[in-house]
1. Taking into account only those residues within the range 27-69 that are modelled with pLDDT of 80 or more and in contact with a Lys or Arg (Cβ under 7 Å, 6 or more places away or on another chain), which is farthest from residue 99 (Cα to Cα)?
2. Kindly check whether there is at least one residue in the range 172-189 that is part of a strand (DSSP E or B) and crowded, with 16+ Cβ neighbours inside 10 Å.
3. Give me the residue from the range 121-170 that is of a type in the set (A, V, I, L, M, F, W, C) and in a loop (DSSP other than H, G, I, E, B) and, out of that set, surrounded by the fewest Cβ atoms within 10 Å (Cβ to Cβ).
4. Is it true that residue 214 is in a helix (DSSP H, G or I), surrounded by 15 or more Cβ atoms within 10 Å (Cβ to Cβ) and without any contact (Cβ under 8 Å) to a residue 60 or more places away in the chain?
5. (1) within 16 Å of residue 146 (Cβ to Cβ); (2) surrounded by 11 or more Cβ atoms within 10 Å (Cβ to Cβ): which one isn't true of residue 229, the others all being true?
6. Can you name the number of the only condition in (1) touching a Lys or Arg at 6+ places or on another chain (Cβ under 8 Å); (2) not in a helix (DSSP H, G or I) that residue 202 fails?
7. Can you tell me which residues in the range 145-174 are closer than 18 Å to residue 96 by Cβ and among the β-branched types (Val, Ile, Thr)?
Amino acid sequence: MLVTIVTPSLNSERYIEETLRSIWTDDAIPGETLEHIVVAGASTDGPLEIASRCPMNIIVGRDGGMYEAINKGLEAATGEVFGYVNSDDQLTSTALAEVRSALGKDSDHRWVVGAVILMDASGKKLAVLRPPRWLSPTRFRALGWNCFPQPSTFYRTEFARELGGYDATYRLAADYDFAVRALVAERPLYISRPLSHFRLHESNLSKDHQAIEAEARTIAAQPPMSKVRKRWLQLLTKVQVNITNPRWAIGKLSGSLRY
């Protein structure tokens, strides 16, 4: 099974080499088990030179932001399965094998979600975040943020295209909107093991918490629900997420971890 990984790259020289090493493991066979598309956007020569060391497709040209770049990669993808990994994140060594097994020819599932290892800028492990199981679209919207870790989420390419790709009018939270639409269509297959490492550092787009929360509120507002119901469902789901992820919850409460 061919898996397509899209990496949007914008002046990402600091971490992209580690990202590439995590994707291009020893068992990766170009065009047979792995297709890797780097959408370079307005990147400078440094990331492009690093990316060119691996047998991947590189799309160069200005775009309207990260999600438009990812949509370009989705459009160009030839693999049966699609996922995107940002240029500062990493896959675990077994991630692609587990995704192929989960979404293989005998599987009826069209998307899969795994846990994620949160790490700091130096790569130190901070916590593991596992998404809650049996999450309904209504509860997902009420929660108000994407608890499905983006680099640990993979879709059948045909399904991702059926969903219409990512809404690039959202600058920071289009992955939340996309996951909501996927969940409305069907529940994912859950993998309890981590499939990726998400790096927390000062240059994260996700550090702009106010902007992300504003976009998330827009996504969560449709369809409308009463304030009382929304608050109740939000509290219920938060408790479930916290119980599933105690170390992450402690980090959030202490202020040492923001994700």
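1. Ranking the qualifying residues of the range 27-69, first place goes to 65.
2. Just the residues of the range 172-189 that are part of a strand (DSSP E or B), to begin with: 189.
Now narrow it down to the ones that are crowded, with 16+ Cβ neighbours inside 10 Å: 189.
Checked against the condition, which is being part of a strand (DSSP E or B) and crowded, with 16+ Cβ neighbours inside 10 Å, the range 172-189 yields at least one hit.
3. Within the range 121-170, the first condition is being of a type in the set (A, V, I, L, M, F, W, C), and the residues that meet it are 121, 126-129, 134-135, 140, 142-143, 145, 147-148, 154, 159-160, 163, 168.
From what is left, the residues that are in a loop (DSSP other than H, G, I, E, B) are 121, 134-135, 145, 147-148, 163, 168.
Numbers: 121: 14, 134: 8, 135: 21, 145: 17, 147: 22, 148: 25, 163: 21, 168: 16.
It comes out as 134.
4. Values: in a helix (DSSP H, G or I): yes; surrounded by 15 or more Cβ atoms within 10 Å (Cβ to Cβ): no; without any contact (Cβ under 8 Å) to a residue 60 or more places away in the chain: yes.
So residue 214 does not fit the description; no.
5. (1)
6. Failed condition: (1).
7. Scanning the range 145-174 gives 153, 157.
The values are calculated or read from the model by the stated rules, or taken from the named source; none is laboratory data. None of these values were measured; they are calculated from a predicted model. Note that each Cβ is placed from the backbone with ideal geometry, even for glycine, and that neighbours are counted across all protein chains shown.
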